[in-house]
Structure formats: C-alpha cells, structure tokens
1. Just to verify a result, which residue in the range 96-119, among those that are in contact with a helix residue (DSSP H, G or I) (Cβ under 8 Å, 6 or more places away or on another chain) and among the aliphatic types (A, V, I, L, M), is nearest to P160 (Cα to Cα)?
2. Checking G185 against (1) of a type in the set (G, A, S); (2) at pLDDT 95 or above; (3) assigned to a loop (DSSP other than H, G, I, E, B), which test does it fail?
3. Would you mind stating whether P191 is part of a helix (DSSP H, G or I), within 12 Å of the chain's Cα centre (by Cα) and either buried (at least 18 other Cβ atoms within 10 Å of the Cβ) or modelled with pLDDT under 95 (or both)?
4. Kindly list, by first and then second residue, each pair from a residue in the range 135-157 that is over 15 Å from T168 (Cβ atoms) and in contact (Cβ under 8 Å) with a residue 12 or more places away in the chain to a residue that is small (G, A, S) and surrounded by fewer than 19 Cβ atoms within 10 Å (Cβ to Cβ), limited to pairs with Cβ atoms under 6 Å and residues at least 6 apart or on different chains.
5. For the range 120-176, how many residues meet the condition of being closer than 19 Å to R208 by Cβ and not hydroxyl-bearing (S, T, Y)?
6. What do you reckon, is G152 surrounded by fewer than 24 Cβ atoms within 10 Å (Cβ to Cβ), at pLDDT below 90 and either basic (K, R) or under 21 Å from P228 (Cβ atoms) (or both)?
7. Go through the range 98-125 and give me each residue that's touching a Cys at 6+ places or on another chain (Cβ under 7 Å) and under 23 Å from G202 (Cα atoms).
Amino acid sequence: MSEPNEGSTLRRALVGVLGFQVLLALLLFLGDLGEGFSLPGRGGDAPGLEQPTAPGDQTRRFAPTRPAAPGVTPSGPMPERLVLTERAGAWHLSGAIAEGDGARVARQIAAREGEGAPQTLFLDSPGGSVHDALELGRAIRSAGLAVNMEAGAICLSACPYLLASGVTRAADPEAWVGVHQHYFGENTLLPAFTAVSDIQRGQGLVMRYLEEMGVDPRMMGPALMTPPDEIYMLTRAEMLEFALLTEEPRT
C-alpha cells in the first residue's frame, strides 16, 4: 500500500510546482510590462535573520553574508566561496557556494579518500550556486560522508542540498536551516519566457536530486513560497518530516 501513497505524494508535489511555474510566468511577464514590479514578499519589512523563530513565524530577511544564526552574535564575515578544512578528524566546510566550488571541493575530498580520511563533514554556509551545490552534494554522497551541523551554524538557500547529501544527516538544535526561491536575475520581455523554462528545468533537477538523496521533495513547498530576498527557517519537525535530518546530533 506504500507505493500508491508515495506516488500520490510525488504527483501532488509536481502539481504544486507546475502551478507555481505558471504563476511565476505571469509575474515575470507583468514585470516586463510595468516598472517596479517584483515578486511578492515583505523584503525589508521581514524581521532580520538575527531574530529567533518559532513555528508559524519562520520567515526572515535573507542576508547571504551574515555569518551567524538567529540569536548568535556575528564573529566575522563569511568567506566569499567555500573553504574546506580538516580539524579533529572531520571536514569543516564554510562560506558561500561560488561558481566552480562544486568541482573544486569535490577534488579536495577525493584527494583525501582512503584510510584515515574524515568520514564526517560539518556545514556552515549561506548558500549560493545551486548547480555547484548539487554537483558537490553528489560527490559527498559518493564519498560516503555523514553531514552534520554544529550549534550556531547556518545552512541557507542552496546549502540544504549539501546537507541532504550526507549518508546520515544531523544538526544541533541551535543550528539553522533555511530555504527560499532561487534567484534567476533580472528579466526583460524576451528572456522572461526563457527564464521560466530555465526555472522549470532547474526545479526539476532539484526535485530529482532530493529523491536521489532520500529527501522528500515536499521540502520544495516552503521554498517555492518564499521570495529570494527572504528565507524560510525550517523547524526541526519539518526537517525530520522531510527526512532532511536522519538522526540526532552526535556528542
């Protein structure tokens, strides 16, 4: 009886994504016809990322350079691209996900495979390039790494795709994970329709990736409803429901 239920869940997810794409196409078209039109969102009116969240109050203003989770005092700027270090027998990956980071960091991990290589990777990233996140995520899964998050760490935007790549996935209760729509740049009349096609293809690739990693594609629901200038902080219950987390953090 489980297979029909799983198929029904996936169909609902796909129908939801298709409906969003139709709405987005209309918004992009209207944006080309009128000045100052933008996707709906509170933008600057949303609370800042430093404000703690609670169930039902999970949307915050997105600040991709902010280095700390809500309620945590910033300690310095986040690196502009991913930095991989090895400490105490584990990988630590921090910084924004820049173009080219996927292949570069994958090579670094592959170069240390073998006896004595770290088996756990800790994340702290505000996100960035979706393509590179998916590329690196597949390399992390191929290497058989567990992915964890420490207290105060953030994993926003495209970063949750790296979290999803772990063979096991855990996060400290004081770590913060957030999702939103992916940003595809400015649009003009002709490229608007091309942009919608690119968005559809991109979301399809993301959903396929999540299925590969054993994560429920329904995680895309709150992402698709949250504009790029905001971030939706997932509750621990949601992360467990979507199987983004598979276990409690190790002590």
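The values are calculated or read from the model by the stated rules, or taken from the named source; none is laboratory data. Being a predicted model, the structure only gives us computed values, none of them experimental. In this analysis, Cβ positions are derived from the backbone assuming ideal geometry, glycine residues included, and neighbour counts consider all displayed protein chains.
1. In the first step, residues of the range 96-119 are kept if they are in contact with a helix residue (DSSP H, G or I) (Cβ under 8 Å, 6 or more places away or on another chain); the result is 97-103, 105-106, 109-110.
Now restrict to residues that are among the aliphatic types (A, V, I, L, M): 97-98, 103, 105-106, 109-110.
On the way: I97: 12, A98: 15, A103: 18, V105: 16, A106: 17, I109: 19, A110: 21 Å.
For the range 96-119, the residue satisfying everything is I97.
2. All conditions pass for G185, except number (2).
3. Numbers: part of a helix (DSSP H, G or I): yes; within 12 Å of the chain's Cα centre (by Cα): no; either buried (at least 18 other Cβ atoms within 10 Å of the Cβ) or modelled with pLDDT under 95 (or both): yes.
In short, no.
4. Short answer, once both residue conditions are applied: none.
5. 21
6. no
7. Looking only at the range 98-125, we keep the residues that are touching a Cys at 6+ places or on another chain (Cβ under 7 Å), and these are 123, 125.
Scanning the range 98-125 gives a single hit, S125.
Quick grid of which residues meet (1) assigned to a strand (DSSP E or B); (2) closer than 21 Å to Y232 by Cα; (3) at pLDDT 95 or above; (4) of a type in the set (F, W, Y):
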{"residue": "R107", "(1), (2), (3), (4)": "no, no, yes, no"}
{"residue": "E113", "(1), (2), (3), (4)": "no, no, no, no"}
{"residue": "A117", "(1), (2), (3), (4)": "no, no, no, no"}
{"residue": "L123", "(1), (2), (3), (4)": "yes, yes, yes, no"}
{"residue": "A133", "(1), (2), (3), (4)": "no, yes, yes, no"}
{"residue": "L136", "(1), (2), (3), (4)": "no, no, yes, no"}
{"residue": "I140", "(1), (2), (3), (4)": "no, no, yes, no"}
